[in-house]
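The block underneath contains the structure these notes are about, expressed in structure tokens.
Bear in mind that the values in this text are calculations on the coordinates, not laboratory data. Source: prediction; values computed, not measured. FYI the Cβ positions are ideal-geometry reconstructions off the backbone, even for glycines, and counts take in every protein chain you see.
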Amino acid sequence: MTQTGESITVRVDFISWVNQFVGGSGTGATEFDEQVPPGETVRGVLNRLSERHPKLKASLWDENDRSQIGTHIEIIVNDAVLGVAHELDSQLEEGDRITLAGQYVGG
Amino acid sequence: MSEERIGGIAGKILRVDLTAGKIWNEELSPREWREYLGGVGIGAKILYEEVGADVDWDHPDNRLVMATGPLAGLPVWGTGGLTVVTRGAMTNGATSTQANGFFGANLKFSGYDAIVLQGEAPNWVYLFIHDDKVELRDATHLLGQDTWETQQALEEETGYNGHMLSVYTSGVAGENKVRFAAIHGDYGHVASKNGVGAVMGAKKVKAVAIVRGNQPLPVHDTKGLYQIADQIGYELRNDPTTKGLYQLGTLGGVRNLLKLGALPIKNYTTNLWPEDVSGEIWEGPALRDGMDHRGHQCSACGMHHCHQSVIAEGKHKGEIVDEPEYEGWAGCGWTIGCTDPQEVAWLNTQVDRACVDVNEFGWVIGWVMECYEKGLITKEQLGGIEAKWGDVEAANALLQMIVKREGFGDILAEGVKRAAEHVGGESLDFAVYTEKGASPRGHDHRGRWEEMLDTALSSTGTLESGMMLSPQELGLPLRINPFDPDQVSMLVAGMLGRRHFEDSLGACIFTTRTSIEQLCNVLNAATGWDYDLEEAMRFGRRTACLLRAFNIRCGIGPELEKPSKRYGSQPVDGPAKDLNVMDHWETMVASWYERVGFDRQSGKPKEELLQSLGLENVAKDMWG
């Protein structure tokens, strides 16, 4: 991951069944290295990917409030769940890593 | 449909006095059916009204309520539901635990909504139900048989098999009153929490066998019911919130929970994936496709969830097993350090057949293995078993000792809390439990504070609020910071009651993952009622108050509402390593009490809350 001055690189991982929304098989991980402007937010990166992947756009965001993530996908930024060290509108830094995993509860 | 009969309700509760050998039917008024629904609703009413404080879990006067609900037997996905309510053996308090399969459908088709077992049989019996033919039959020939063997024996004896006969038994573990014995039926469906199998064993009931009867089960609005059921099925298939569950059941849990620091690895000693273990073989599709498999669905269910598989390699190649749920992969695998899916799947079925709770099994064996590694429990104590991390054969040998209460197995059969108290010393620091005695579910709750709080505060012996479903419907935010004490408390308090509503319908919690409004729609189509969100949550809150009042009456109060030292410890590594739940525990608990309307000091539901829910009698009992 390199910083060009004009942009930073953020790694985005879609793991297991969530990667179906970005063309994956529903197993393993699908990774993207996103070149984004310095100061880009978590929301901005997810919006960019949503624009390129309609299934993700349809699935990631809450159907009643498209500015919020739905309940069924966990967003993890640098190994911490969204809300711990980052919010949706937190700015990202070079080398930050966003992971999307299925929310999981129960037996 | 006749005017007298409520759609979806069979209309009879089957009462069995085992001491006297007496069997009779009980009917409720239309108002009572609406007020108590079925499942935990009916169960909580009976428990509160009939089981006194001095009636311990193994006392003959304890009640074992096996109830279904208004949707069971109808063409709605996953509606073979069983809810068991009793005073359970782990906490000696209220219990609500569920299984599916075909219990609920078969019971309803024989004309009953619930069974209440009371008293204690003089000799071992099984209860046979086929329409109006209800008999207590001798079960001495079934003693020593595991859950699958018991079902097979009764299939041969009665001449019914497949979905025509449901056999729910507590196996050998129940016979020996193992404190975490479960109730298992239909080859792989387990009501596992709080030692309900031990209660069944204490009553000398080996099994309940129900033939799919021939009683009519009319509904209020057949066309409407089909339409709503189809809509729910469509949502489960296509909605991104449920699609993964529809496709693979709970198989995705291992990989996802690892990312959250919530996969329990080696008895909470680490949260890191072992470098020598392939992640690919633990992906959901690989777990299923790694073995020959076929669907093993519950009544009327279209989910690709429950399966049976054939072990593909290793010592047990060719054996048929029930495909583990996520918690089986955790309790028989990651918690005890086994990372070979074939071995875990095999051990999981041995646990089902022996009939113990797979969560508590994991905490017991994980604790033994850690103590063995540290020299606190020896090979000699274990009868020659070398309890090394990940050794499923050793784990199975311990399982067999536990269910027969042989040697050290007699101590382990009491569950990890009591076993650790027996061994004492440093070993107490390693045991995962709640002070109430309830088993945590098969997650590392140090990465899921909401489930730890729910487990510790629950009145059911397991999670009571459960998962965050359609939170906006209840005025809750879509997402919370799972490590913010106030938000965690808001979530757990805000969801309280929804699970009780689901668990009273006779349906599976995996097929009720829709809005409460939609659940009310399908309930109303069946019954002709006009249930709405407010009435559903009022029902749920009332049930929660009854269960809590029962526990308070039994002396189970706020002083026990905390995790053990290991359960509430700070992870040493992994995604949650910098987070210590106990730093915020009192804040979360106090906030939860405030939000649910219970008194922090005594634990009682407040008088005004009870009165607002129509529980004036309980208010009087609690507050005078």
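Across all directions of projection, what mean area in square nanometres is found for the Cα convex hull of chain B? Mind showing how you got there, number by number?
Values: hull surface 99.7 nm².
Answer in nm², one decimal: 24.9.
Using θ = phi - 60° and the Karplus relation 6.51 cos²θ - 1.76 cosθ + 1.60, list the HN-Hα couplings for region B:89-97 in order, rounded to whole Hz, with x at every Gly or Pro.
7, 6, 9, 6, x, 4, 9, 9, 9
In vacuo Debye scattering of region B:185-293, one point per C-alpha: log10 I(q)/I(0) at q = 0.14, 0.19, 0.21 Å⁻¹?
Listed by q, the Debye log ratios stand at -1.00, -1.12, -1.15.
Using only DSSP helix segments of four residues or longer, with each worth -39500 (n - 2.57), what per-residue ellipticity at 222 nm results for chain A after dividing by its residue count and rounding to 500? Intermediate values should be presented prior to the final figure.
Working: 2 runs with 18 residues, N = 107.
Mean residue ellipticity, 222 nm, calculated: -4500 deg cm²/dmol.
How big is region B:39-134 on each of its three principal axes, counting only the C-alpha atoms and giving the largest first in Å?
Per principal axis, max minus min of the Cα coordinates gives 42, 27, 21 Å.
May I ask you to sort B:E327, A:E63 by Cβ crowding, counting other Cβ atoms within 10 Å and putting the fewest first?
Values: B:E327 24, A:E63 11.
In order of increasing Cβ crowding within 10 Å: A:E63, B:E327.
For region B:454-465, in order, what is each residue's ³J(HN,Hα) by Karplus, 6.51 cos²θ - 1.76 cosθ + 1.60 with θ = phi - 60°, in whole Hz (x at glycine and Pro)?
Taking θ as phi minus 60°, the curve returns 4, 4, 6, 8, 4, 9, 10, x, 7, 4, 10, 7 Hz for region B:454-465.
Using helices alone, what [θ] at 222 nm do you get for chain B, with -39,500 (n - 2.57) per DSSP H run of 4 or more residues, divided over all residues and rounded to the nearest 500? Mind showing how you got there, number by number?
Values: 24 runs with 231 residues, N = 624.
Calculated at 222 nm, the ellipticity per residue is -10500 deg cm²/dmol.
R0 = 51 Å: FRET efficiency of A:A58 with B:D340, Cβ-based, nearest 0.05?
0.85
Quick check: the distance between the Cα centres of region B:583-624 and region B:459-509, to the nearest angstrom?
Taking the Cα centre of each part, region B:583-624 and region B:459-509 sit 18 Å apart.
Around A:I69, what is the net charge, scoring Lys/Arg as +1 and Asp/Glu as -1 over all other residues with Cβ under 14 Å from its Cβ? Please list the in-between numbers first.
On the way: positive: A:R43, A:K57, A:R66, B:R479; negative: A:D62, A:E63, A:D65, A:E74, A:E87, A:D89.
That sum, taken over residues with Cβ under 14 Å, equals -2.
Grab the beta carbon distance between B:E280 and B:Q215, set R0 = 45 Å, and tell me the FRET efficiency rounded to 0.05. Before the final figure, lay out each step's value.
Working: r = 50 Å, r/R0 = 1.11.
Approximately 0.35, to the nearest 0.05.
What is the Cα centroid distance between region A:1-57 and region B:20-90, reported in whole angstrom?
Using only Cα atoms to place each centre, the spacing works out to 50 Å.
Would you pull out the residues with amide H under 5 Å of A:W61's amide H, same chain only if 5 or more places away, H placed 1.01 Å from N?
A:G70
What spacing in nm lies between the two simple spin-label points modelled at B:A20 and B:Q152, each 7 Å away from Cα in the Cβ direction?
4.0
Could you please tell me the mean projected area of the C-alpha convex hull for region B:250-403, averaged over all directions and given in square nanometres to one decimal? Numbers along the way, then the final one.
On the way: hull surface 37.1 nm².
One quarter of the hull surface, i.e. the mean projection, equals 9.3 nm².
Can you list the HN-Hα couplings for region A:82-90, worked out from phi with the Karplus curve (6.51, -1.76, 1.60; θ = phi - 60°), rounded to whole Hz and with x for Gly and Pro?
Along region A:82-90, the couplings run 3, x, 7, 10, 10, 10, 4, 9, 6 Hz.
Expressed as cubic angstrom per residue, what is the convex hull volume of the alpha carbon set of region B:13-211? Working shown, then result.
Working: hull volume 20.3 nm³, N = 199.
In region B:13-211, the Cα hull volume divided by residue count equals 102 Å³.
Take B:H304, project a point 7 Å from its Cα along the Cβ direction, then tell me which residues of region A:21-62 have their backbone nitrogen under 14 Å from it.
A:25-27
Dividing the alpha-carbon Rg of region B:128-217 by 2.2 N^0.38 Å yields what? Show your work: numbers first, answer last.
Details: Rg = 12.7 Å, N = 90, 2.2 N^0.38 = 12.2 Å.
Expressed relative to 2.2 N^0.38 Å, the Cα Rg reads 1.04.
How many nm separate the modelled label positions at B:L478 and B:T270, each set 7 Å beyond the Cα in the direction of the Cβ?
Each label point is offset 7 Å from its Cα along the Cβ direction, giving 3.8 nm.
With contacts defined as alpha carbon pairs under 8 Å and 6 or more residues apart, what's the relative contact order of chain B in percent?
Numbers: 1493 pairs, mean separation 101.9, N = 624.
This gives 16 percent for chain B.
In whole Å, how far is the Cα centre of region B:221-249 from that of region B:346-392?
Using only Cα atoms, the two centres lie 40 Å from each other.
Over region A:8-102, what relative contact order in percent results from Cα pairs under 8 Å that are six or more residues apart?
Numbers: 171 pairs, mean separation 37.2, N = 95.
Computed over region A:8-102, the figure is 39 percent.
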